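Below: one structure, written as structure tokens.
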Amino acid sequence: MIQGLAVLLLFQSLGEVLAQLSGAPVPGPVIGLVLLLAFLVGRQKRGLGEWAPLAQAADGLLAHLSIFFIPAAVGV
């Protein structure tokens, strides 16, 4: 799971760097998400399929997704 979280943070950081260098009006995490999508589509086209550590990290985050909305709900 740590390896999957590291990959997620790597793509987010890469997107942030690209956003800063290019001056694009798009947030860095969105660019990182597009890069991650391209990476995963490329893996699928090569027949490598799902990458277990990344899938495990994503499942762990999705299982607790409602916790991320608590601060917004308290603010309202």
Could you please state how large a percent of the accessible area of segment 13-66 is carbon and sulfur, counting protein chains only and using a 1.4 Å probe? 68 percent
How many Å² of accessible area per residue for the chain, probe 1.4 Å? 75 Å²
For the peptides 24-30, 40-46, what is the packing order when you average, over each peptide's residues, the other Cβ atoms within 10 Å and list the highest mean first? 24-30, 40-46
Let's test this: bin the Cα-Cα distances of the chain at 10 Å from zero up to the farthest pair and state each bin's percent. 18, 36, 34, 11, 1
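The values are calculated or read from the model by the stated rules, or taken from the named source; none is laboratory data. A quick note: this is a predicted structure, and the numbers were derived from the prediction, not measured. No Cβ is skipped: glycine too gets one built from the backbone with ideal geometry, and neighbour counts run over all protein chains shown. Accessible surface is based on the protein model in full, side chains and every heavy atom, while ligands, DNA and RNA are left aside. Shrake-Rupley method; radii C 1.70, N 1.55, O 1.52, S 1.80 Å.
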